[in-house]
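The values are calculated or read from the model by the stated rules, or taken from the named source; none is laboratory data. If you're wondering where the values come from, they're calculated on a predicted model, not measured in any experiment. For neighbour counting, all protein chains shown are included, and Cβ atoms are generated from backbone atoms with ideal geometry for every residue, glycine included.
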């Protein structure tokens, strides 16, 4: 998840040494300014708040311009994190109180200091997900932008974070931050890395595995850690860890190598707790996975693994293979990006594909994912209004952004995750078809990685060579060996609003894209609230649907369809089953208290899905079997 241009890029190279755990221990170099030092403590964790003390040193005589972030890495909308900050006070290096001014709702200004400012405040947090702060008696789940203030002008300074756990707790820390001088102290080389480094402090379980850097088994090993805070057992964690190892192997095979994780490790921070909110959030060398499910159930296990597959793929695609529109991340504004169809959409495609390649998701489940996405993209009226690039630029308005007013999103927006995944599917099958099976989307991703993603950045947390749409097209032309194919694909399906001929492409894999309910009469995909006698329309009526053509709108109350009152979902289904597409029925509904009498002509349900041809009684040819295996089979 992520967008844009920003103000706070770090350019400072930090000297590191390897600590006893095999991870980098940041050291202050000669003449390096003192780090920005944070201490996080929990006087009343059960009341959902955290105490923060932060020391800024070496400031000279300029006022300290203190900020609370408005955006969070991996999220594309603005957030009002400052709303949860209170009891702010400040003192100088000698302990003398300082005045704190509030120039705007996101910042504080502190002048008259002696070159050092110590700020203390409380921050409330009661949401366990990838964006906010969640504190209670069992843990502190800390997303940095929601918890830590920072200072303009000090973005390149090293930061130090010390955790002071509640007395008597059995907490330990899981984070991608670099180890400091003791188990409770952690460091970041700059603000970009600090704000991208969540912390889970709790009595969580830990499992690890190691993989060679390269798909051929060569290269230094990388460590993968799964820190799971849940109510289950270690055997459940071990089962999850084994599956994640297979996911990591499959993804390494796609790109040819693992990323050069700073510190040599990647951490999965997972909170699967009854009070968690469903989310997944990528970070440079870690990810956050949260849900109110138990990993001891098939549903909970699959949810965690599906999210882990998506987010781990981001370690290549977005965290390092990064669009120029997202680099560097701006903590005060939402970056605007037209590239999320690839950044998020291609990641979604591979997240699902890798689950099948790793033996975690059965074929039918994988086809259900892909078929649902194709159904959405093919049949959405929003495709008439915006291209995938334009949908990507809508991210600041839709990525969990908050508003009170209604929107017409069902008619105007297709998720860049969904449309981007459909584009990836079409491109993968097109490359395989045009090359006779010698080139695939895997080859394109590997070449993009070689040219852009694997290039070292100027400092941890920064991309070495961000890409643009022109770069993508050039690499596609080279990989396909066909510049005309690349230009046509980008022009038609990325900058344009067309969709590939999926039915023809999928046929080569022995898969049929077909109507799911060809005989069923269809009124439209309506959001309805049933009363037992009537049905109120609670959402926008889809453009092009029979209901909209007949004049039905949001908030109207359907009184009768034909000669019956559709007082329940079951009654409406039975009523439609008694009719055929093309039937014209009397249609009566109330609008703002007035009765409207009209007629509606039912249509064919346009829903489509993906099914293996063998399900329809057709034989799967050897060519189709080979194509399907080459596409969906394991790369390990």
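Points worth noting:
- Enumeration of residues in region 158-184 that are buried (at least 24 other Cβ atoms within 10 Å of the Cβ) and assigned to a loop (DSSP other than H, G, I, E, B): 158, 176, 177
- Checklist (1) under 20 Å from residue 35 (Cα atoms); (2) out of contact with any helix residue (DSSP H, G or I) (no Cβ under 8 Å at 6 or more places or on another chain) applied to residue 157, failing item: (2)
Yes/no matrix, rows are residues, columns are (1) assigned to a loop (DSSP other than H, G, I, E, B); (2) at positive phi; (3) assigned by TED's automatic domain parsing to the domain that holds residue 72:
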position: 335; (1), (2), (3): yes, no, no
position: 338; (1), (2), (3): yes, no, no
position: 342; (1), (2), (3): no, no, no
position: 348; (1), (2), (3): no, no, no
position: 353; (1), (2), (3): no, no, no
position: 356; (1), (2), (3): no, no, no
position: 359; (1), (2), (3): yes, yes, no
position: 366; (1), (2), (3): no, no, no
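- Answer residue from region 406-440, given it is under 22 Å from the mean Cα position of the chain (by Cα) and closer than 22 Å to residue 333 by Cβ and is surrounded by the fewest Cβ atoms within 10 Å (Cβ to Cβ) among those: 413
A quick yes/no check of all residues on (1) in contact (Cβ under 8 Å) with a residue 24 or more places away in the chain; (2) out of contact with any helix residue (DSSP H, G or I) (no Cβ under 9 Å at 6 or more places or on another chain); (3) in the same structural domain as residue 322 (by TED's automatic domain parsing); (4) closer than 17 Å to residue 441 by Cβ:
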| position | (1), (2), (3), (4) |
| --- | --- |
| 454 | yes, no, yes, no |
| 478 | yes, no, yes, yes |
| 484 | no, no, yes, no |
| 488 | no, yes, yes, yes |
| 494 | yes, no, yes, yes |
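- Strands (runs of 3 or more DSSP E) wholly inside region 562-636 that include at least 2 residues being outside the structural domain of residue 551 (by TED's automatic domain parsing) and under 30 Å from residue 249 (Cα atoms): 608-612
- Some residue of region 390-405 being in a helix (DSSP H, G or I), surrounded by fewer than 19 Cβ atoms within 10 Å (Cβ to Cβ) and in contact with a helix residue (DSSP H, G or I) (Cβ under 8 Å, 6 or more places away or on another chain): yes
- Failed condition for residue 17, given (1) assigned to a strand (DSSP E or B); (2) at pLDDT below 95; (3) over 34 Å from the mean Cα position of the chain (by Cα): (3)
- Long-range neighbours under 9 Å by Cβ, at least six apart or interchain, first residue surrounded by fewer than 21 Cβ atoms within 10 Å (Cβ to Cβ) within region 248-259, second at pLDDT below 95: 249/635; 249/636; 253/635; 253/636
- Members of region 570-589 found to be farther than 15 Å from residue 526 by Cβ, surrounded by 15 or more Cβ atoms within 10 Å (Cβ to Cβ) and under 42 Å from the mean Cα position of the chain (by Cα), listed by number: 581
- Filter result for residue 187 (surrounded by 23 or more Cβ atoms within 10 Å (Cβ to Cβ), in contact with a strand residue (DSSP E or B) (Cβ under 6 Å, 6 or more places away or on another chain) and not assigned by TED's automatic domain parsing to the domain that holds residue 315): yes
- If you go through region 252-281 and keep only what is touching a helix residue (DSSP H, G or I) at 6+ places or on another chain (Cβ under 6 Å) and within 19 Å of residue 455 (Cβ to Cβ), you end up with 254, 255, 256, 258.
- The residues on offer are 387, 415, and the sole one that is without any contact (Cβ under 8 Å) to a residue 40 or more places away in the chain, out of contact with any strand residue (DSSP E or B) (no Cβ under 7 Å at 6 or more places or on another chain) and closer than 28 Å to residue 506 by Cα is 415.
- Residue check for residue 94: at pLDDT 55 or above, part of a loop (DSSP other than H, G, I, E, B), more than 21 Å from residue 186 (Cβ to Cβ) and in contact with a helix residue (DSSP H, G or I) (Cβ under 6 Å, 6 or more places away or on another chain): no
- Selection count where residues are under 27 Å from the mean Cα position of the chain (by Cα) and within 26 Å of residue 207 (Cβ to Cβ), scope region 154-178: 8
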